[in-house]
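The structure appears right after this line, and notes come after that.
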Amino acid sequence: MPYAQVSDKVLHRIDEYLQKSSQYTFYERIELLEESEPLFRDDPYAIRYGKTLAYLLRGISTPVSGDDLLLGQVVERIPTQAEWTHAENMYRSWWSHKSDEEIQKDILWFYSDGWLRCRPPWFYSFGHLALDWPLFIKEGLAGFTRLADESRARHPDTERQQFLQGVALCHKATSDYFLRYAQAAQDAGRTQDADSLRHLSQGAPRSFREALQLLWLITLVVQKVSGCGVLNYSRMDQYLLPLYRQDIEQGTLTQEEARALLQDFYLKNNEIMANTDHMSLDTTSTTQTLEVAFDDPNYIILAGLLADGTSGVNELSRLMVQVSHDLKLKNPFVIVRYHEGIDDSFMRAVAHAMRDNATVILYNDDRMIPALRACGIEEPELYDYGFFGCNDPIIPAEEGGLRQLWLNLVRPLELALNQGDCPLAPGGQNRNPNVFPLRDRMTGLMTGDYYGTSTPPLTEMTGMDDVLAAYKTQINYLMQEYRKGIERDMRLEAEVNAGRLRIEDCFLKGTLQNAVTWNNGGTKYHHFVVQGTGIGTVADALHAIDTLVFQEKSLTLPQLNQILLDNWEGQEALRQRVRRLPKYGNDIDAVDKYVAWASDAFVDAVSAQDQGQYLYGFYPTLSSDRDFTTMGKDVGATADGRRQRDPISENQSPAEGADISGITALLNSVSKIRFERITGGPLNLRLHPSAVSGEQGIDVLTALLKTYMQKGGLQVQMNVVDHQTLRAAQKEPEKYRNLCVRVTGYSAFFTQMGPKAQEELIRRTEQAL
Amino acid sequence: MMTIDKTGLPLYDGENNDNFGRKPHPHDDVATHNEMEVQPAMEAYVFNIQRFSTRDGPGIRTTVFFQGCNLRCAWCHNPESIPAKPLLQFFEDKCISCGQCVAACANGAHIMVDGQHRFDESLCTYNVACAAVCPQDALRADARPYTPEQLTDLLLRDEGYYRNSGGGVTASGGEPLLQAAFVQALFTALKQKDIHTALDTAARMPWHTIKPLLPYTDLFLVDLKAIDPDVHMAYTGTDNRLILENIRALSQAGAAMEIRMPLIGGVNDSADFARRTGEFLSGLPVPPAVRLLPYHNYGLYKAQSIRRPMEEFSAPLHIDEFARLLRGYHLIVEV
């Protein structure tokens, strides 16, 4: 695959990266962490945290490579077998002997064992947030120190004093790290860089180049050293613009120099990621890595509306899309915010980058802004919304890291058809009263058996309205039980988590002013992302019930449900007929009305549990990430012809292979969802290259994207690659190392993905012309 | 020269009906293929509706493929479109002889012989019940009758995409002009909504059939299979004089036109043909743009599915040379 406008040096760097073993490890950090473990045990948590960070930042090397424009690397090497075993044993000593209840007291919410693995209980962060980047640009590190200093006088209580002491240690450690790097630059003869780094140890960046230098070293401190990855850099094209314009006007920077600097910044973001795909749990490079934040993508938000209602598209937005297009790397993940009236030539450049498989995706302000407003987000920060991780919304610097729940939308349907009983594990009267068990709340996944509340027997349901009413009752019940569970967790968190500083607390809004961690209320906003999963399966199943039972009347509802309980056993002819009924994804109103209905029922249930005095609100999204296979495993057969335990539909998409009427039909179907109530979630498109080839293809794609946004679509991400290429890449991975694909909310190099993820991608409907 | 029917389908000669060896069926509408009397009953079989079509005219389009054709191109890439009434497609390689179609067919067209599924076309009435139950998609019956109103409603669902891309609707086939009145009704409705219309036709129809469409058709995509009358006759079963006359008439009428030429290795791709084509097209009042379409063999599999196996041809060897020669006549040529 050709690269546009990229120097041989950069090409060489990309090749080197693609050939790097995933076993490369920032082993210095592991050694220093081990050394530091006994040193500060007697200190209060926040102070121990600060001292640990200082110990790490004092001990790690500060390599200066001759070629890089920006400075800042860590030393990586492949550990010996003995070192590997040693580190793994250390990791195991942190968590493996603990029960879920004990883990909860240490950490509360952790997503998965993989997240815990490399993080010790006294020094962890899970990232997934945006720091106050504009303050870094405006005032530099000193800005944060100032806020902490001001706060100290206001908060005399011991707990907050300790928190602020910890913060001060972290600020100082970071500042000292800049000074150490300045010395290293001086030693390497890079005097100007040394001067910049000395200045940046306190002060605000004076140039575009210094701004990127500051952002990058901060990234190393928070992500590589502290494990706070999946950063949202937020609106770089806005907060860097004044320095960019200043330098261009003063003649100290050309556009080509800026492009080279941005290329270096993007490349560095890519190079700190291990050569693996973090969601492919069937690859050993994922499960065995010793690295913290080893594969955490970072997110850049471009364009979009400004708080005054004007367009944020500027020359830097264009340049940053161009650099993504130049490099076609998996990181950083660039999100362009569309709005009605966005500049046409900019949209064409975005479509061009997307057509050429750059890691650029599109979100719609005209849907996101009302949806976030409904979640209580206020102006002006509403206009600065962005994303981190897999399509999770965030107001930059105003809220902390990821907390989420995948709400399996197929579950309420099977509960509605069984009076609240679980079809795969009928419990009758002895149902498990603990609807959302602890582990499911901690990891945010609904796994195992779920039981609902009592709804009418099927013999009493005389029309679709009765089925839908029962669905609503069940989904409301599930969300209500979830709220009960997390409120118990929140009480525990307030008790045990107070003063548990994390690196991001040092660089957010509100945490310093209030001297409170974000998770205990320091920031303005707090949210769980509630990800509705399997909406396509629900829509198709509801439509099939409507058709068979209430339109054709060929079966009664109890008869149909018995067929589902029997997993379509002996009913293959009927199953085939049902599979050929109209499906969501083909622009057929009779079935699409159910996707809109189910989405509303989901948002209603979520927002019903978001009224009242809760610290944490909810962001409803339609997003499964890659967990639609896992989430299908506990679900019985469904009326759309799906067998029990088969995968449910992914993200916003129709069920696998259901969309057969062309891409405009698919987009028309999806746009019937009332996205002005949905705050995120991906629509994965795979286009055949012939459909959008040449200059005309870019025009066509631009029009396609624009029309979909105007019709009310929320998000688009795409891969323009044909089936044959993906198969060829499986056969000869060495020839396709640079084939970068959008997976859900992140990108991966295809050949680094596990076999399961590769198959999932290949099976996505290929939209040809 | 003798008519050689390479497709195995009897050629429409303007008078006979074409039931293709099937028993006549009450729904067979023999008038559908009568060029002289375009039937007024406003329903037409459409065998495919392709949304997000980007190669049949400008922008994002929906291409409507009408059933029925009055040419018999030996290399046809949509052989299932040739008969006036659709034939059930049976992809034998996908069949697992599960027998579900046997139960679904009221006419006994599907039977099991020694555990193997057999299909008897002569009993098939194309009532599509079998295709609905086939678990393998080995049986397909995609063609459906539409009224212009039904079709317009469906096409307008993508109106926003047409407008933003400068696209619209293309009528293709088969030969859409076999249902000229239907196309006219459809295009009239689309033009009322200011939607761009294109007509993909082989133009082997009397001028009085084409002429009424002029006010409603923004672009004519006219297929020219071969400039040489003998070759045209040999490989399409038809004479090309009417086609060439119509191209001239369209040009004279000032219609926007693109000529589309399938290039088949060793059949119609010679330098001599390129020159003669160039002379003809450049001599028109308004020389049209030309698009060259290299042969591909996608039609073979589909031809087999309707039990009319076709000969495989080869791709043209010198398509760039062909294009170069045409450009020598100051024609705009795309490959």
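The values are calculated or read from the model by the stated rules, or taken from the named source; none is laboratory data. Only a predicted model underlies this, so the values are computations on that prediction, with no experimental measurement involved. We place every Cβ from the backbone using ideal geometry, glycine too, and count neighbours over all the protein chains shown. Surface areas here come from the heavy atoms of the whole protein model, side chains and all, with no ligands, DNA or RNA. Shrake-Rupley method; radii C 1.70, N 1.55, O 1.52, S 1.80 Å.
Residue-by-condition table, conditions (1) in a helix (DSSP H, G or I); (2) over 18 Å from A:Gln238 (Cβ atoms); (3) of a type in the set (D, E, K, R):
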residue	(1), (2), (3)
A:Asp277	no, yes, yes
A:Val292	no, yes, no
A:Asp308	no, no, yes
A:Val313	no, no, no
A:Leu316	yes, no, no
A:His325	yes, yes, no
A:Leu329	no, yes, no
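Is it the case that the range B:105-118 has a residue that's touching a residue at least 12 places away in the same chain (Cβ under 8 Å), assigned to a loop (DSSP other than H, G, I, E, B) and of a type in the set (D, E, K, R)? Checked against the condition, which is being touching a residue at least 12 places away in the same chain (Cβ under 8 Å), assigned to a loop (DSSP other than H, G, I, E, B) and of a type in the set (D, E, K, R), the range B:105-118 yields no hits at all. Looking only at residues of the range B:48-62 that are assigned to a strand (DSSP E or B) and crowded, with 23+ Cβ neighbours inside 10 Å, we find that the one that is farthest from the other protein chains (Cβ to nearest Cβ) is B:Arg61.
Selection over the range A:183-231 of residues that are assigned to a helix (DSSP H, G or I), open to solvent by 10 Å² or more (accessible area, probe 1.4 Å), of a type outside the set (A, V, I, L, M) and over 28 Å from A:Arg245 (Cβ atoms) gives a count of 3.
Count, please, the residues in the range A:650-660 that happen to be within 14 Å of chain B (Cβ to nearest Cβ) and either buried (at least 22 other Cβ atoms within 10 Å of the Cβ) or under 26 Å from the mean Cα position of the chain (by Cα) (or both).
Residues flagged as within 14 Å of chain B (Cβ to nearest Cβ) and either buried (at least 22 other Cβ atoms within 10 Å of the Cβ) or under 26 Å from the mean Cα position of the chain (by Cα) (or both) within the range A:650-660 amount to 3.
Of the residues making up the range B:163-205, just one is within 12 Å of chain A (Cβ to nearest Cβ), open to solvent by 40 Å² or more (accessible area, probe 1.4 Å) and polar (S, T, N, Q), namely B:Asn164. Kindly indicate the residue of the range A:673-688 that is modelled with pLDDT of 95 or more and either within 11 Å of chain B (Cβ to nearest Cβ) or assigned to a helix (DSSP H, G or I) (or both) and also farthest from A:Tyr363 (Cα to Cα) among those meeting that condition. That would be A:Arg677. Residues that are buried (at least 17 other Cβ atoms within 10 Å of the Cβ) and within 16 Å of B:Tyr235 (Cβ to Cβ) within the range B:301-322 comprise B:Ala303, B:Arg308, B:Met310, B:Phe313, B:Pro316, listed in sequence order.
Filtering the range A:724-769 to residues that are more than 22 Å from A:Ser649 (Cα to Cα), at pLDDT below 75 and under 22 Å from the mean Cα position of the chain (by Cα) leaves nothing. Only a single criterion out of (1) in contact with a strand residue (DSSP E or B) (Cβ under 9 Å, 6 or more places away or on another chain); (2) open to solvent by 10 Å² or more (accessible area, probe 1.4 Å) is not satisfied by A:Gly444, namely (2).
One residue alone among A:Glu83, A:Glu139, A:Glu88 is under 28 Å from the mean Cα position of the chain (by Cα), surrounded by fewer than 20 Cβ atoms within 10 Å (Cβ to Cβ) and of a type outside the set (Val, Ile, Thr), and that residue is A:Glu88.
For a quick check of your reading of the model, give me the residue pairs whose first member lies in the range A:707-722 and is away from chain B (no Cβ under 13 Å) and within 20 Å of A:Asn391 (Cβ to Cβ), whose second is basic (Lys, Arg) and open to solvent by less than 10 Å² (accessible area, probe 1.4 Å), with beta-carbon atoms closer than 6 Å and at least 6 apart or on different chains. These pairs meet every condition: A:Gln717/A:Arg742; A:Asn719/A:Arg686; A:Asn719/A:Arg742. Among the residues of the range A:518-556, those identified as without any contact (Cβ under 8 Å) to a residue 40 or more places away in the chain and among the hydrophobic types (A, V, I, L, M, F, W, C) are A:Val549, A:Leu555.
Of everything in the range A:578-596 that is within 14 Å of chain B (Cβ to nearest Cβ) and within 8 Å of A:Ser669 (Cβ to Cβ), the residue that is surrounded by the most Cβ atoms within 10 Å (Cβ to Cβ) is A:Gly585.
This table checks each residue for (1) out of contact with any Cys (no Cβ under 9 Å at 6 or more places or on another chain); (2) within 14 Å of chain B (Cβ to nearest Cβ); (3) over 22 Å from A:Asp627 (Cβ atoms).
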residue	(1), (2), (3)
A:Phe550	yes, no, yes
A:Ser554	yes, yes, yes
A:Asn567	yes, no, yes
A:Ala605	yes, no, no
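Here the condition is being of a type in the set (Gly, Ala, Ser) and under 17 Å from the mean Cα position of the chain (by Cα); of B:Ala274, B:Ala303, it holds for B:Ala303 alone.
Applying the criterion of at least 3 residues that are more than 30 Å from A:Gly521 (Cβ to Cβ) and aliphatic (A, V, I, L, M) to the helices (runs of 4 or more DSSP H) found wholly in the range A:345-463 leaves A:410-417. For the range A:480-505, residues that are within 22 Å of the chain's Cα centre (by Cα) and not acidic (Asp, Glu) total 4. Please enumerate the residues belonging to the range B:206-233 that are open to solvent by less than 10 Å² (accessible area, probe 1.4 Å) and within 23 Å of B:Phe322 (Cβ to Cβ). Answer for the range B:206-233, where residues must be open to solvent by less than 10 Å² (accessible area, probe 1.4 Å) and within 23 Å of B:Phe322 (Cβ to Cβ): B:Phe220, B:Leu221, B:Val222, B:Leu224, B:Ala226, B:His232.
Of all residue pairs spaced 6 or more apart or on separate chains, those with beta-carbon atoms under 7 Å, a first member in the range A:102-119 that is buried (at least 18 other Cβ atoms within 10 Å of the Cβ) and a second member that is assigned to a helix (DSSP H, G or I) and of a type in the set (D, E, K, R) are A:Leu108/A:Asp489; A:Leu108/A:Glu493.
Matching residues to (1) hydrophobic (A, V, I, L, M, F, W, C); (2) under 15 Å from A:Leu70 (Cβ atoms); (3) in contact with a Cys (Cβ under 9 Å, 6 or more places away or on another chain):
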position	(1), (2), (3)
A:Thr191	no, no, no
A:Asp195	no, yes, no
A:Gly203	no, no, no
A:Leu217	yes, yes, no
A:Leu220	yes, yes, no
A:Val225	yes, no, no
A:Asn232	no, no, no
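Let's see how each residue does on (1) farther than 25 Å from A:Phe628 by Cα; (2) in a loop (DSSP other than H, G, I, E, B):
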residue	(1), (2)
A:Leu701	yes, no
A:Leu705	yes, no
A:Gly713	no, yes
A:Gln717	no, no
A:Asn738	yes, yes
A:Val741	no, no
A:Thr751	no, no
A:Leu761	no, no
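Among residues of the range A:689-700 that are facing chain B (nearest Cβ under 10 Å) and within 14 Å of A:Ala349 (Cα to Cα), none has a Cβ under 6 angstrom from a residue that is of a type outside the set (S, T, N, Q) and loosely packed, with under 15 Cβ neighbours inside 10 Å at a sequence gap of 6+ or on a separate chain.
Evaluation of B:Leu154 against the conditions (1) assigned to a helix (DSSP H, G or I); (2) within 14 Å of chain A (Cβ to nearest Cβ); (3) closer than 21 Å to B:Pro288 by Cα shows that the sole unmet condition is (3).
When B:Gly160 is tested against (1) away from chain A (no Cβ under 14 Å); (2) farther than 21 Å from B:Arg260 by Cα, only condition (1) is not met. The residues in the range A:350-392 that are basic (Lys, Arg) and either free of Cβ contacts under 8 Å to residues at least 12 places away in the same chain or open to solvent by less than 10 Å² (accessible area, probe 1.4 Å) (or both) can be counted, and the count is 1.
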